[in-house]
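Visitor: Take this structure first; my questions come after.
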Amino acid sequence: MAGRSGTRAPFCDGLSRRSMLQVGALAMGGLSLPDLLRAEAAAGRRSHKAVIMVFLSGGPPHQDMVDLKMDAPAEIRGEFQPISTNVPGIEVCELLPRLASRMDRLAVIRSLVGSEGRHAAFQCLTGQKVLNQPAGGWPSLGSVVSKLQGPVTEGTLPFVSLAPRMRNAPWGDPGQPGFVGEAHAPFAPNAESAQLTLNGLNVDGLRNRKILLDGLDRLQRQAGQSGALEGLAKHYENAFGILTSSHLVNALDVAQEGPEVLDRYGRGAVENAGYGDAGPLRNEYLLAARRLVEAGARVVTVAYGRWDWHGRPHGTNFENARDHLPQFDQGLTALLDDLEERGLDKDVSVVVWGEFGRTPVINKNGGRDHWPQVGCALLAGGGMRTGQVIGSTNRLGEHPQERPVHFQEVFATLYHNLGIDVEHTTLPDRSGRPQYLVDPIHRPLPELV
């Protein structure tokens, strides 16, 4: 409880009421106790449909990556040249040579529309807008999948977010469960601390949650509470044991990969990108995503870098691109290669996007500003028909010219790849009203499925 001074009153052992209430969320990663206890005995793995979503925090510049406008005036065209890919007729930025050599495994959307212009991960995680939400709020993709499909096998967690805590909190949103309930919130091992070990992920942070469980034990003993609290503590202890079981910790511990695999992905940077308010360019997150899918996760989300490039004094759009794009090129292609080599590429869909595109005109500081009118996305795997471009923009990259693709069409495609029928599937919101997963006017992209 908050006192008049605004501070929180602790219990007799120094553990605040808020901390005690957070034991469940921290120890269980948002999963209900029955869900966790059913997962107690880890079994063998089987191939399953999954999604890896890479969120480019801040909005990537479509016209400097996959939709270069060489016929536009200099103040729009920018500094980069296009290069050919291994699919005739498709070109991408010169800073993406690895992706260019694997274009047959990618689908490029150049006409992504429907952005509400909000500087947040919410729309990329849910497919929905923040305004006018139903009772309980829109659930993220991973929470919906957790609700509809549950764990793949015993001892697995359906939804994992690797988004670190960011100073700009809406970018670091791990994904909200909304009206499907906290039992389907993501397990977010990075959200409590952006600290990284040399191996890329703070695996020890999982074990450190034992402090909260010890605090609950002290509270029970010192306050002389009833057996009900004692039983609750026992359930939390069991749940904690599952979360720190070897299969989950092993999946997060990318150091178990050989050095050649780590080198293939590229180590990335440990410091937060850009102005220090976003996540790091940490390619080991992409490797961890593959390992988590192999360990049974159905949806893994990654927040990658800082793409909000308004210009000096924080570097021009092009200076930032020269920093980000080569690391992105290396990490994403390593993920695609890894999935293919392990026979996962037909089952695992990969989507890469940000919340909007960037202005066609380069501003006076050498940056590009927010541009919700059109953006881009990359898709791969999942049995989709790749090696193609979907949609186009006009000569200046301002608006869709052919085949505008809505955010919700991408979501419908991802649900389809997971085996979920968006045309008929509904879930009740907190008022009991059935809600479709996407607006009924949107369907999976026929070009891909």
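The values are calculated or read from the model by the stated rules, or taken from the named source; none is laboratory data. It should be emphasised that the depicted structure is a prediction, and the values quoted were computed from it without experimental measurement. Glycine also receives a Cβ, built like all others from the backbone with ideal geometry; neighbour counts cover every protein chain displayed.
Visitor: Could you say whether any residue in segment 142-149 is within 19 Å of V270 (Cα to Cα) and either in the same structural domain as F55 (by TED's automatic domain parsing) or polar (S, T, N, Q) (or both)?
Guide: No, segment 142-149 has no match at all.
Visitor: Got a sec? Which of L141, L112 is more than 17 Å from the chain's Cα centre (by Cα) and within 21 Å of C376 (Cα to Cα)?
Guide: Checking each option against the conditions leaves just L112.
Visitor: When you scan segment 90-98, do you find a residue that is touching a Cys at 6+ places or on another chain (Cβ under 8 Å) and in a strand (DSSP E or B), even just one?
Guide: No; the residues of segment 90-98 include none that is touching a Cys at 6+ places or on another chain (Cβ under 8 Å) and in a strand (DSSP E or B).
Visitor: Taking interchain pairs and intrachain pairs at least six residues apart, which have beta carbon atoms under 7 angstrom, with the first residue in segment 308-327 and in the same structural domain as N168 (by TED's automatic domain parsing) and free of Cβ contacts under 8 Å to residues at least 60 places away in the same chain and the second of a type in the set (S, T, N, Q) and part of a helix (DSSP H, G or I)?
Guide: So the pair list comes out as G311/N317.
Visitor: Do you know which of the residues in segment 122-181 that are among the charged types (D, E, K, R) and part of a loop (DSSP other than H, G, I, E, B) is surrounded by the fewest Cβ atoms within 10 Å (Cβ to Cβ)?
Guide: Among residues in segment 122-181 that are among the charged types (D, E, K, R) and part of a loop (DSSP other than H, G, I, E, B), the one surrounded by the fewest Cβ atoms within 10 Å (Cβ to Cβ) is R167.
Visitor: Of the residues that make up segment 403-424, is at least one hydrophobic (A, V, I, L, M, F, W, C), in the same structural domain as M65 (by TED's automatic domain parsing) and part of a strand (DSSP E or B)?
Guide: yes
Visitor: Being in contact with an Asp or Glu (Cβ under 9 Å, 6 or more places away or on another chain), in the same structural domain as L131 (by TED's automatic domain parsing) and in contact (Cβ under 8 Å) with a residue 40 or more places away in the chain is the requirement here; does S111 meet it?
Guide: yes
Visitor: Of everything in segment 336-357, what is hydrophobic (A, V, I, L, M, F, W, C) and either under 23 Å from Q123 (Cβ atoms) or without any contact (Cβ under 8 Å) to a residue 60 or more places away in the chain (or both)? Give them in sequence order.
Guide: Within segment 336-357, L339, V348, V350, V351, V352, W353, F356 qualify.
Visitor: Further question: Taking the stated definitions as given, is A269 surrounded by fewer than 20 Cβ atoms within 10 Å (Cβ to Cβ), of a type in the set (A, V, I, L, M) and modelled with pLDDT of 85 or more?
Guide: No, not satisfied.
Visitor: OK, next. Restricting segment 103-121 to residues that are basic (K, R) and touching a Ser or Thr at 6+ places or on another chain (Cβ under 6 Å), which is surrounded by the most Cβ atoms within 10 Å (Cβ to Cβ)?
Guide: R110
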